[in-house]
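Colleague: Please read through the structure below; I'll follow up with questions.
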Amino acid sequence: TARHGAYMRGYADGTFKPERNMTRAEAAQLFYNLLLHKEGTGSSTFDDVRADAWYYDAVTLLADMGIIKGRGNGLFDPDGEITRAEFTAIAMRFVKIEVKGTAIFTDVPATHWAAESIAAAAALGWISGNGDGTFRPNAFIDRASVTRLVNRMLARTAYLDAHADSVMPFSDV
């Protein structure tokens, strides 16, 4: 958070597509964009991440750092949509802070693989669920929800008011 740079980009047609589900490659690129130091060596251990892919550096470095994980069988599934639980777990691994939260969502049992990350993110105020006591951990996360979570994670607020002349407008936001 040393600088307030853009961590997400829109599309060539000038839209942001807030309702579009985020892909696993987009999520990797988002967290890569937030890194202050992008040093790392190595190559992808995922069979479906080619060296010429736009997300190669992001996936490779974040996997080396233990921030992102594959889907098994040597695959990352870059074009696959990412779930709310997966994204929340990545966010918690990215910040590397220990927070003990209490399970507050009725659909996230203590035995869920991401229960600790979800409880911690809720305790930090990054996520609040759906208003009905659920989190829907296995549902895909859309770009608007990602933006809300990451802005809360970075404590970014009211940027638009102070920087309206330098913010890229999107026709669909």
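Colleague: In region 4-35, which residues are aromatic (Phe, Trp, Tyr) and out of contact with any Gly (no Cβ under 7 Å at 6 or more places or on another chain)?
Modeller: 7, 11, 31, 32
Colleague: Now for a different question. Look at residue 53 and say whether it is of a type in the set (A, V, I, L, M, F, W, C), out of contact with any strand residue (DSSP E or B) (no Cβ under 8 Å at 6 or more places or on another chain), open to solvent by 40 Å² or more (accessible area, probe 1.4 Å) and part of a loop (DSSP other than H, G, I, E, B).
Modeller: no
Colleague: Checking the structure you have, find out if any residue of region 99-117 is part of a loop (DSSP other than H, G, I, E, B), buried (at least 19 other Cβ atoms within 10 Å of the Cβ) and among the small types (Gly, Ala, Ser).
Modeller: Within region 99-117, one or more residues are part of a loop (DSSP other than H, G, I, E, B), buried (at least 19 other Cβ atoms within 10 Å of the Cβ) and among the small types (Gly, Ala, Ser).
Colleague: Determine if region 34-50 includes at least one residue that is touching an Asp or Glu at 6+ places or on another chain (Cβ under 6 Å) and among the hydroxyl-bearing types (Ser, Thr, Tyr).
Modeller: no
Colleague: Further, regarding this structure: Could you tell me how many of the residues in region 87-117 are without any contact (Cβ under 8 Å) to a residue 60 or more places away in the chain and within 21 Å of residue 65 (Cβ to Cβ)?
Modeller: Total meeting the criteria: 12.
Colleague: Looking only at residues that are outside any loop (DSSP other than H, G, I, E, B) and within 20 Å of residue 146 (Cα to Cα) in region 64-83, which one is nearest to the chain's Cα centre (by Cα)?
Modeller: Within region 64-83, the match that is nearest to the chain's Cα centre (by Cα) is 83.
Colleague: Residue check, residue 18 against (1) assigned to a loop (DSSP other than H, G, I, E, B); (2) closer than 19 Å to residue 89 by Cβ, all met but one. Which one?
Modeller: (2)
Colleague: Here is a list of conditions, (1) loosely packed, with under 14 Cβ neighbours inside 10 Å; (2) among the hydrophobic types (A, V, I, L, M, F, W, C); (3) at pLDDT 90 or above, and residue 22 meets all of them except one; can you say which number that is?
Modeller: Going through (1) loosely packed, with under 14 Cβ neighbours inside 10 Å; (2) among the hydrophobic types (A, V, I, L, M, F, W, C); (3) at pLDDT 90 or above one by one, residue 22 breaks only (1).
Colleague: Considering region 140-155 alone, what residues qualify as being of a type in the set (Lys, Arg) and open to solvent by 40 Å² or more (accessible area, probe 1.4 Å)?
Modeller: Passing the criteria: 148, 152.
Colleague: Being crowded, with 17+ Cβ neighbours inside 10 Å, closer than 21 Å to residue 154 by Cα and of a type in the set (Gly, Ala, Ser), is that true of even one residue in region 58-68?
Modeller: yes
The values are calculated or read from the model by the stated rules, or taken from the named source; none is laboratory data. A quick note: this is a predicted structure, and the numbers were derived from the prediction, not measured. Heads up, the Cβs are rebuilt from the backbone with ideal geometry, glycines too, and the neighbour counts pull from every protein chain shown. We work out accessible area using only protein heavy atoms, side chains counted, and drop any ligands, DNA or RNA first. Shrake-Rupley method; radii C 1.70, N 1.55, O 1.52, S 1.80 Å.
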